[in-house]
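One structure is given here, and the rest of the page talks about it.
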Amino acid sequence: MAECGVCFRHCRIPEGQLGFCGARIAHNGRSEAYNYGRITSLGLDPIEKKPLARFYPGGRILSAGSFGCNLRCPFCQNYEISWSVQAGAFAQTAETVSPEELADIALAARKRGNIGVAFTYNEPLVGYEFVRDTARLVKAEGMKNVMVTNGTAELAIWEELAPYIDAMNIDLKGFTDDYYRKVLGGDRRQVMDFIEAAVKTCHVELTTLIVPGENDSEEEMRALSDWVSRLKEPDGDDVPLHVSRFFPRFHMRDRQATDVRTIYHLADVARENLEYVYTGNC
Ligand code: SF4
């Protein structure tokens, strides 16, 4: 039996079995990354697609994903590799790439405008050892490392990664504990702690996906953006917020896509508190 200390769930995993995220396995009484180097998606994306609006705009970044996730968002856009029957299948068939190989691919793509590696698509923190080992090599080559994450990990995990990560987009999916707990299977406090620690050492942008009937009130956006406004980048600048549109997907098909007018309105509400607010998926 191993107790995993990566996220708030602290799964107790019987030897040889997987934790809740499907990415970590108990081996010799320890929790290890079962998805280490197991790449399910790889592509050279515009940096704005992460989304990052204020980090090397116009650049491109080699984006790599594995499988597994420690949340259970019913509307997941990447459910094939995050949490689903298909994600379990990827666990059997995903190709294995070493940190050295991925860093070499990133370096070779430099002439096509690549600035580094983005760990994205599935939740990178559940396989943080591969992120750490690869990011160290990428940084040594003078390139950049980005994570696109739900921010659901203990601070000790972030401390291992912090020396190598240059920028992150972190989901702040809503601003009530109920929504995090009951709809997403998450822990809002852990995400807020993670964000507060991250802004001290790297460039951070946040994303809030607006789901009709769940987190689309003015009051919630006002409270969320007020909290974000108290976070400052090391140079004193505001943390950018992306307000993004939901589309019915996966297990949440009981409602329409978010009305574009709602996104624009909530972005205006956020602008009462923040300087950099962007709309997404509109
Ligand atoms: S990272 Fe995965 S195995 Fe570890 S506590 Fe979280 S859900 Fe459980």
query: Relative contact order, percent, of region 208-282 when contacts are C-alpha pairs under 8 Å separated by at least 6 residues?
result: 41 percent
message: Given contacts defined as C-alpha pairs under 8 Å and at least six residues apart, what's the relative contact order of the chain, whole-number percent?
response: 15 percent
message: Can you tell me the length gained on complete extension of the stretch GLU3 to LEU155, counting 0.36 nm per residue apart and subtracting the Cα distance?
response: 53.1 nm
- request: Give the value in nm², to one decimal: projected area of the alpha carbon convex hull of region 204-282, averaged over all directions.
  value: 5.2 nm²
message: How charged is the neighbourhood of ALA162? Take every other residue with its Cβ under 11 Å from the Cβ of ALA162, and add Lys/Arg as +1 and Asp/Glu as -1.
response: -1
Bins of 10 Å from zero: percent of alpha-carbon pairs in the chain: 7, 29, 37, 22, 5, 0
- prompt: Counting pairs of alpha carbon atoms under 8 Å apart in space and at least six apart in sequence, what relative contact order in percent does region 187-246 give?
  reply: 47 percent
query: Just the accessible area per residue of region 140-282, please: how many Å² with a 1.4 Å probe?
result: 42 Å²
- line: Asserting the computed 222 nm helical MRE of the chain (DSSP H runs at least 4 long, -39500 (n - 2.57) per run, divided by residue count, to nearest 500) equals -8000 deg cm²/dmol
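Filter the GluC sites (Glu not before Pro) in region 1-63 to those in DSSP coil with at most 14 other Cβ atoms within 10 Å of their Cβ, and list the result.
Hits after loop and neighbour filter: GLU15.
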task: Just the Kirkwood number for region 88-217, please: inverse of mean 1/r across all distinct Cα pairs, in Å, one decimal.
output: 15.9 Å
query: Between the DSSP loop rule and a limit of at most 13 other Cβ atoms within 10 Å, which chymotrypsin sites (Phe, Trp or Tyr not before Pro) in region 10-78 are left?
result: none
Separation in nanometres of the label points that stand 7 Å from Cα toward Cβ, at THR262 and ALA140: 4.9 nm
task: Just name one of HIS10, GLY22, PHE119: the one whose Cα is farthest towards the positive end of the charge dipole of region 1-127 (beta-carbon charges, Lys/Arg +1, Asp/Glu -1).
output: PHE119
Extension reserve of the LYS200-LYS232 stretch, reckoned as 0.36 nm per residue once the Cα distance is removed: 10.7 nm
field: Alpha carbon centroid spacing (whole Å) that separates region 1-55 from region 144-170
entry: 13 Å
message: Taking just the alpha carbons, could you work out the radius of gyration and Dmax for region 1-122, both in angstroms?
response: 15.9, 48
Apportionment of accessible area to carbon and sulfur, the chain, percent (1.4 Å): 49 percent
- request: Quickly work out the ASP104-to-MET252 label distance, labels modelled 7 Å from Cα along the C-beta direction, and quote it in nm with one decimal.
  value: 4.2 nm
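The values are calculated or read from the model by the stated rules, or taken from the named source; none is laboratory data. A quick note: this is a predicted structure, and the numbers were derived from the prediction, not measured. Heads up, the Cβs are rebuilt from the backbone with ideal geometry, glycines too, and the neighbour counts pull from every protein chain shown. Protein only, heavy atoms only, side chains kept; ligands, DNA and RNA dropped before computing areas. Shrake-Rupley method; radii C 1.70, N 1.55, O 1.52, S 1.80 Å.
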